[in-house]
1. Select from the range 42-61 the residues that are assigned to a helix (DSSP H, G or I) and over 23 Å from Gly158 (Cα atoms) and list them in ascending order.
2. Kindly indicate the residue of the range 158-176 that is more than 22 Å from Gly33 (Cβ to Cβ) and of a type in the set (A, V, I, L, M, F, W, C) and also surrounded by the fewest Cβ atoms within 10 Å (Cβ to Cβ) among those meeting that condition.
3. Please go through (1) farther than 30 Å from Asp318 by Cα; (2) small (Gly, Ala, Ser); (3) touching a helix residue (DSSP H, G or I) at 6+ places or on another chain (Cβ under 9 Å) for Ala211 and return the number of the only condition it doesn't satisfy.
4. Test Asp359 against the stated conditions and say whether it is more than 27 Å from the chain's Cα centre (by Cα), under 27 Å from Ala244 (Cα atoms) and at pLDDT below 95.
5. If you check Gly120, Gly116, which single one turns out to be surrounded by fewer than 23 Cβ atoms within 10 Å (Cβ to Cβ), in the same structural domain as Leu221 (by TED's automatic domain parsing) and without any contact (Cβ under 8 Å) to a residue 12 or more places away in the chain?
6. From the set of residues in the range 146-157 that are buried (at least 16 other Cβ atoms within 10 Å of the Cβ) and more than 29 Å from the chain's Cα centre (by Cα), which is nearest to Gly197 (Cα to Cα)?
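The values are calculated or read from the model by the stated rules, or taken from the named source; none is laboratory data. Here the structure is a predicted model, which is why all the values come from computation and not from measurement. Cβ coordinates were reconstructed from backbone atoms using ideal geometry, including for glycine residues, and neighbour counts include every protein chain displayed.
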Amino acid sequence: MTCPRVEVRLDRVGRNARTLVDRLGSIGIAVCGVTKATGGSPKVARELLAGGVTALAESRVENVERLRRAGIATEIVLVRSPMPSQAERVVAAADISLNSEVDVIELLSSSAVRAGRLHGVVLMIELGDLREGLMPGDVLDAARRVASMPGVVLRGVGVNLACQSGVIPDASNMAELSAIAVCVEADLGVELELVSGGNSANLAWALKEPADTGRINHLRLGESILLGRDPLTRAPIAGLATDAFTVVGEVIESKIKPTRPRGSTGQNAFGDAVGDAVGSEGRDRSCRRVIVALGRQDVDPDGLEMPEGYRIVGASSDHLVVEAGCDAPVPGAELRFGVNYSALLRAMTSASVLTCFTDEAPA
C-alpha cells in the first residue's frame, strides 16, 4: 500500500463522537463537530453526524465547499473569522460564521442580500487568550449593529480559549460569557440560540461535578473526538479511543552509523544549530539509523509517537531519521506512528500523504 499514509479508523471516531455527545447532552450542551484537522473529510464528517453532532465546523471556506460538493447539507460553521475577500464564498457555503470585526460582518450582510440568503453570525469575545474576539465592553454595540443589518442574523456569542495563550476555560471566564449573553439578550429583546463556550479544552470544566454551565449550550469539538485527548494536558479522556489515526511511513535506509556527525557543524536545513552531539546522549558509538520517507512537508515530526524501541533523531523536508534500539527494519518495511493534533493536521492536509479509511460508515 502507498506510503506515507494516514489510516483512519472511522468506528473509533464515531464512538468518540457519540460518547461526548451523550455526556454533554445530559447537561444541555450541544456538540459541533470540527473537521478542520482532517481537511474537511466528508467521510469523517458523516461519521461525526452519525455520532450525533448537531453541526459541523471548518476553518477554511475551501473545506466547507468540499463538504457541500460531497452532498453534506447539514449546518456548517466557519470557525475562523471570514476573510473579507471571501465574503461571497462564505455566505454561499457556510450557514454561520464566527466574527469579531463589524466591518467584515457588513460585507457578509451585503453578500447575503445579493445572494438572497440569510447568514448566521456568532460574535466572538476576547476573554483572555488574546486571539480573536471583541473586547467585552464592545460587544453590545456590535450586537446592536448586527441586529440592524439585512441578510445576517445574530445567532449567538462565543469565545475561544487555550489555542493561542493556553488560557484554561474555568468557572470564571465561562460565567463572564454567560453574563454577556444575558446582557445582549436583555438589550436586544431576543434569546440567543448559541452560547458557544469554546473547544475541546472546555471538557474538564463542562464535565466537572456538580455541573454549572450557566448559559453555555454549545461546544466546538475536534481534538477530543478525533484523538480522544484533553488539549490542556494531552492526557487520554476516559472512555475514548486514542488510536483512530495512524501515520504509516516506509523505510528507505537502514544502516549502522555513528551517533555523532563528522566535521564542523552549522545550522541545518531548517535553521537549527545542531551542534556536534546528536543521538543517544551524544556518546561516541554506533547505532542503527533508520530513514523513513516521511518529512516535514508531510507531517509535524515533533507530533509523532514513536514505535516501541525507536527514537526520533531529526527530520528534514523529506526524511525522518530515527534510531532503532534492537529492531533492524529493511528498506520497504513500514513503521507506524501515533499522532498528536499538530501531526494529524499536517498529515491530513498534505498533498503527498494518502488517507485510507477502515470500518467506513455507510455512504
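1. Pro42, Lys43, Val44, Arg46, Glu47, Ala50
2. Ala171
3. That leaves (3) as the condition not met.
4. The answer is no for Asp359.
5. Going through Gly120, Gly116 in turn, the sole match is Gly116.
6. Checking each candidate, the answer is Ala147.
For (1) surrounded by fewer than 16 Cβ atoms within 10 Å (Cβ to Cβ); (2) of a type outside the set (Ser, Thr, Tyr); (3) modelled with pLDDT of 95 or more, each residue gets a yes or a no:
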| site | (1), (2), (3) |
| --- | --- |
| Ser178 | no, no, yes |
| Gly189 | yes, yes, yes |
| Leu192 | no, yes, yes |
| Leu226 | no, yes, yes |
| Asp243 | yes, yes, yes |
| Arg262 | yes, yes, no |
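Okay, residues lined up against (1) acidic (Asp, Glu); (2) more than 30 Å from Leu177 (Cβ to Cβ); (3) buried (at least 23 other Cβ atoms within 10 Å of the Cβ); (4) over 16 Å from the mean Cα position of the chain (by Cα):
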{"residue": "Pro210", "(1), (2), (3), (4)": "no, no, no, yes"}
{"residue": "Thr213", "(1), (2), (3), (4)": "no, no, no, yes"}
{"residue": "Gly222", "(1), (2), (3), (4)": "no, no, yes, no"}
{"residue": "Arg229", "(1), (2), (3), (4)": "no, no, no, no"}
{"residue": "Arg234", "(1), (2), (3), (4)": "no, no, no, no"}
{"residue": "Glu250", "(1), (2), (3), (4)": "yes, yes, no, yes"}
{"residue": "Pro258", "(1), (2), (3), (4)": "no, yes, no, yes"}
